[in-house]
Amino acid sequence: MKLANQVVVLDFETTGLSPDNGDRAIEIGAVKLVNGQIVDTFQELINPGQRVNSFIEQYTGISNDMLKHALVSKQVMGQFSKFIDGFNLVAHNASFDKKFLDAEFSHSKLHYNGQFACSLLLSRRISQEAPNHKLGTLVDHHQLPNDGVFHRALADATMTSHLWLHQIDVLQQQLPKQAITIELINKISSLPKAQIARYLRTMS
DNA sequence: TGCCAGGCCCTCTTTAGGGCCTT
């Protein structure tokens, strides 16, 4: 059984939106949760081997100067593969972080076994009252801890971890007899919105 | 020259279009 409160929550900052267009990771941040507690963190800038455009410099606060002396992807991903070994993975809009993790691991011929879960897909189902499902909005809406830093990898991963734990709490209250597993959350995340209320009733 | 991210999700849908999310 893979409990949802035992995961690595991760976030990439990148040169753009698509590794298929040559975009690369420039920072990775991650938080390790064990029994719902943060027990470890990972944060590293990554030299992408290309200049970062001014939009990304402004958006992330990560400058070309900061990346000049950063480790290259192979070094960082080698460390990160050890960090996530044996853990499932969570991200906000996981399809984005998964495609970059897959691409960066592929460059270094690395592999991982964990399943991904997505706090964005889950939020759309269990927080339908939220004004929208951007990470920053949800942190505000649910009054989650934050230090006011956005669009840096460890800060975003940490906020996502608080969102994730909040979401597990919400589900646990509605399903008091159920173990909240990655499989259960991915099942809920795949249901049509209109079926969520009925599904939770039948499972409770 | 023409391409330019892509999966999810809703709707005035399914022979489609466009907004939401991530950088």
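The values are calculated or read from the model by the stated rules, or taken from the named source; none is laboratory data. None of the values given here were measured: they were computed from a predicted structure. A quick note on method: Cβ atoms are made from the backbone with ideal geometry, for glycine too, and the neighbour counts reach across all protein chains shown. The accessibility values were calculated without ligands, DNA or RNA, using every heavy atom of the protein model including side chains. Shrake-Rupley method; radii C 1.70, N 1.55, O 1.52, S 1.80 Å.
Report whether or not A:Leu138 is outside any strand (DSSP E or B) and either open to solvent by less than 20 Å² (accessible area, probe 1.4 Å) or more than 21 Å from A:Glu27 (Cβ to Cβ) (or both).
Yes: the conditions hold for A:Leu138.
Could you say which residue among A:Asn64, A:Asn53, A:Asn47 is touching an Asp or Glu at 6+ places or on another chain (Cβ under 8 Å) and more than 23 Å from A:Gln115 (Cβ to Cβ)?
On the way: A:Asn53 fails: touching an Asp or Glu at 6+ places or on another chain (Cβ under 8 Å); A:Asn47 fails: touching an Asp or Glu at 6+ places or on another chain (Cβ under 8 Å).
Every option except A:Asn64 fails the conditions.
Of the conditions (1) of a type in the set (A, V, I, L, M, F, W, C); (2) outside any helix (DSSP H, G or I); (3) near DNA strand B (Cβ under 9 Å from one of its atoms); (4) within 19 Å of A:Asp11 (Cβ to Cβ), A:Leu121 satisfies every one except a single condition; which number is it?
(2)
Among the residues of segment A:156-179, is any within 13 Å of DNA strand B (Cβ to nearest atom) and among the basic types (Lys, Arg)?
Within segment A:156-179, not a single residue is within 13 Å of DNA strand B (Cβ to nearest atom) and among the basic types (Lys, Arg).
Being closer than 17 Å to A:Ala94 by Cα and either in a helix (DSSP H, G or I) or of a type in the set (Asp, Glu) (or both) is the filter here; which residues of segment A:179-203 pass it?
Of everything in segment A:179-203, those that are closer than 17 Å to A:Ala94 by Cα and either in a helix (DSSP H, G or I) or of a type in the set (Asp, Glu) (or both) turn out to be A:Ile182, A:Glu183, A:Leu184, A:Ile185, A:Asn186, A:Lys187, A:Ile188, A:Ser189, A:Ser190.
Against the condition open to solvent by 80 Å² or more (accessible area, probe 1.4 Å) and free of Cβ contacts under 8 Å to residues at least 24 places away in the same chain, how does A:Pro131 come out, does it pass?
In short, yes.
Mind checking which residues of segment A:144-155 are of a type in the set (D, E, K, R) and either near DNA strand B (Cβ under 10 Å from one of its atoms) or in a helix (DSSP H, G or I) (or both)? Full working, then the answer.
Kept after step one, since they are of a type in the set (D, E, K, R), are these residues of segment A:144-155: A:147, A:152.
Residue satisfying the conditions is A:Arg152 alone.
Within segment A:70-82, can one find any residue that is touching a residue at least 12 places away in the same chain (Cβ under 8 Å), closer than 29 Å to A:Asp169 by Cα and in contact with a helix residue (DSSP H, G or I) (Cβ under 6 Å, 6 or more places away or on another chain)?
no
Charged (D, E, K, R), near DNA strand B (Cβ under 9 Å from one of its atoms) and open to solvent by less than 70 Å² (accessible area, probe 1.4 Å): which single residue out of A:Glu44, A:Glu27 fits that description?
Being charged (D, E, K, R), near DNA strand B (Cβ under 9 Å from one of its atoms) and open to solvent by less than 70 Å² (accessible area, probe 1.4 Å) holds for just one of A:Glu44, A:Glu27, which is A:Glu27.
I'd like to verify a number: residues in segment A:146-176 that are over 20 Å from A:Gln6 (Cβ atoms) and open to solvent by less than 40 Å² (accessible area, probe 1.4 Å), how many?
So the answer is 3.
Does segment A:48-62 include one or more residues that are more than 14 Å from DNA strand B (Cβ to nearest atom) and open to solvent by less than 60 Å² (accessible area, probe 1.4 Å)?
Scanning segment A:48-62 turns up no residue that is more than 14 Å from DNA strand B (Cβ to nearest atom) and open to solvent by less than 60 Å² (accessible area, probe 1.4 Å).
Quick one: is A:Ile126 over 27 Å from A:Met77 (Cβ atoms), more than 9 Å from DNA strand B (Cβ to nearest atom), at pLDDT 95 or above and more than 16 Å from the chain's Cα centre (by Cα)?
Working: over 27 Å from A:Met77 (Cβ atoms): yes; more than 9 Å from DNA strand B (Cβ to nearest atom): yes; at pLDDT 95 or above: yes; more than 16 Å from the chain's Cα centre (by Cα): yes.
It is true that A:Ile126 is over 27 Å from A:Met77 (Cβ atoms), more than 9 Å from DNA strand B (Cβ to nearest atom), at pLDDT 95 or above and more than 16 Å from the chain's Cα centre (by Cα).
Going by the conditions given, is A:Ala91 among the hydrophobic types (A, V, I, L, M, F, W, C), within 19 Å of A:Ser18 (Cα to Cα) and within 12 Å of DNA strand B (Cβ to nearest atom)?
Numbers: among the hydrophobic types (A, V, I, L, M, F, W, C): yes; within 19 Å of A:Ser18 (Cα to Cα): yes; within 12 Å of DNA strand B (Cβ to nearest atom): yes.
Criteria met by A:Ala91.
Restricting to segment A:95-118, count the residues that are more than 9 Å from DNA strand B (Cβ to nearest atom) and either open to solvent by less than 70 Å² (accessible area, probe 1.4 Å) or not basic (Lys, Arg) (or both).
Total satisfying the criteria: 16.
For residues that are open to solvent by 70 Å² or more (accessible area, probe 1.4 Å) and within 16 Å of DNA strand B (Cβ to nearest atom), scanning just segment A:1-24, find the one that is nearest to A:Cys118 (Cα to Cα).
Among those that are open to solvent by 70 Å² or more (accessible area, probe 1.4 Å) and within 16 Å of DNA strand B (Cβ to nearest atom), it is A:Leu17.
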